[in-house]
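Single-structure report; data block below.
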Amino acid sequence: MASDTTAAVPSPTPGQEGTAPGRADADERRSRRYRRDTRWSPYAFIAPFFVFFAAFGLFPLLYTGWASLHQVELTAPDDMTWVGLRNFSRLLSDDFFWNALRNTFTIGLLSTVPQLLIALGVAHLLNYKLRGSMFFRVAVLTPYATSVAAATLVFVLLFGRDYGMVNWALGLVGFGHVDWQNGTWTSQLAVSTIVVWRWTGYNALIYLAAMQAVPADLYESAALDGASRWQQFHHVTIPSLRPTILFTAVVSTIGATQLFGEPLLFNGAAGATGGSDHQFQTLGLYLYEQGWVNLHLGRASAIAWAMFLILLLIGAVNWLVSRKLRKGMTS
């Protein structure tokens with residue numbers, strides 16, 4: 001006997017009809033959140049830098065530029081009188097400003113050239129396999145980790161007129177005592193020595209990293225051609241380090257333009273004047289003297305912007321030289 005064997009189809013329960021569309025809506029919402037997160041998360045990660053830069057970099061720069069166009073005293077920073085470019089025009093006829101600019105240039109030259117030459121030689125020595133090479137690399141970086149105040153105070157004792165170790169050593173070879181703090185060239189040389197001592201190791205490690213990136217095949221080819229160690233250094237290492245040398249020269253020049261702590265502490269009695277005759281007063285010291293000693297905030301702001309323009313000029317020269325070097329390497 002035939003019987004009906006029709007399969008029973010269960011009827012949907014209440015609410016089951018919307019299960020698939022609801023899951024699709026949830027997936028779509030998660031997809032939108034994922035796309036928003038992927039798009040905006042990088043901006044959220046870098047936002048703190050821009051917030052701090054705007055608060056402590058951009059705002060002071062713009063405010064200093066605005067203050068440089070006014071006559072304003074530090075005791076009443078809200079009382080501004082518009083003077084236009086008068087603060088800048090006064091700098092052009094200010095003998096103390098030009099003296100500070102000359103001193104900055106001289107100290108920068110006396111510190112940058114020996115510093116980079118010594119750093120290049122130290123890096124060349126460290127580039128060879130030495131026992132305890134890690135110790136020597138840490139040792140050359142130690143002066144950089146030393147505070148400016150501590151280093152300068154030690155050098156003040158070394159360059160003391162009556163009981164300094166430098167004058168004691170000069171006396172052993174027949175030279176008389178030198179008044180390092182009150183002479184023009186001697187004081188600038190002493191301040192430059194502090195800068196050289198602190199930053200040579202830092203630049204040496206930069207050169208060492210660049211040297212280790214030079215392909216060993218170049219040295220092997222030079223050795224097969226009969227080149228000595230000096231010839232390899234002159235014809236292989238130096239050309240390969242040209243971009244790095246340019247970078248360190250620019251950074252050292254910028255640092256010399258902003259030099260402040262070393263000359264300020266070298267002669268504590270002179271304060272911001274940079275010696276009894278302003279013989280080692282840098283632009284940074286002159287800015288400090290005008291703004292925080294004489295309380296002329298407008299004039300100090302003009303000096304700050306003059307330094308900023310000098311740094312822009314240094315950057316432009318760096319860009320031109322770098323472009324020329326790149327063309328020379330590709331041609």
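Go through the range 68-108 and report how many residues are under 30 Å from Leu246 (Cα atoms) and either in a strand (DSSP E or B) or open to solvent by 20 Å² or more (accessible area, probe 1.4 Å) (or both).
Qualifying residue count for the region: 6.
Residues that are farther than 28 Å from Thr75 by Cα: which helices (runs of 4 or more DSSP H) entirely in the range 232-310 hold 3 or more of them?
242-257
Since Ser111 meets every condition but one in (1) under 30 Å from Ala204 (Cβ atoms); (2) surrounded by fewer than 17 Cβ atoms within 10 Å (Cβ to Cβ), which condition does it not meet?
Among (1) under 30 Å from Ala204 (Cβ atoms); (2) surrounded by fewer than 17 Cβ atoms within 10 Å (Cβ to Cβ), the lone unmet condition for Ser111 is (2).
Could you say which residue among Val173, Val214, Val195, Val178 is modelled with pLDDT of 90 or more and among the aliphatic types (A, V, I, L, M)?
Val195
Of all residues in the range 300-331, which are farther than 22 Å from Gly57 by Cβ and either modelled with pLDDT of 90 or more or among the hydrophobic types (A, V, I, L, M, F, W, C) (or both)?
Val317, Leu320, Val321, Leu325, Met329
Could you check the range 173-222 and list, in sequence order, the residues that are open to solvent by 60 Å² or more (accessible area, probe 1.4 Å) and in a loop (DSSP other than H, G, I, E, B)?
Passing the criteria: Val173, Gly174, Phe175, His177, Asn182, Ala213, Pro215.
Any chance the range 223-243 includes a residue that's within 30 Å of the chain's Cα centre (by Cα) and under 16 Å from Pro114 (Cα atoms)?
Going residue by residue through the range 223-243, those that are within 30 Å of the chain's Cα centre (by Cα) are 233-243.
So of that shortlist, the ones also under 16 Å from Pro114 (Cα atoms) come out as none.
No - not one qualifying residue is present in the range 223-243.
Can you work out which of the residues in the range 262-318 that are under 20 Å from Val83 (Cβ atoms) and small (Gly, Ala, Ser) is surrounded by the most Cβ atoms within 10 Å (Cβ to Cβ)?
Applying the filter and picking the extreme gives Ala302.
Surrounded by fewer than 10 Cβ atoms within 10 Å (Cβ to Cβ), out of contact with any strand residue (DSSP E or B) (no Cβ under 6 Å at 6 or more places or on another chain), among the aliphatic types (A, V, I, L, M) and farther than 30 Å from Gly291 by Cα - does that describe any residue in the range 29-45?
Yes, there is a match, as at least one residue in the range 29-45 is surrounded by fewer than 10 Cβ atoms within 10 Å (Cβ to Cβ), out of contact with any strand residue (DSSP E or B) (no Cβ under 6 Å at 6 or more places or on another chain), among the aliphatic types (A, V, I, L, M) and farther than 30 Å from Gly291 by Cα.
The values are calculated or read from the model by the stated rules, or taken from the named source; none is laboratory data. Note that the structure is predicted; figures quoted are calculated from it, not measured. Cβ: placed from backbone, ideal geometry, glycine included. Neighbour counts: every protein chain shown. Please note that ligands, DNA and RNA were not included when accessible areas were found on the heavy atoms of the full protein model with its side chains. Shrake-Rupley method; radii C 1.70, N 1.55, O 1.52, S 1.80 Å.
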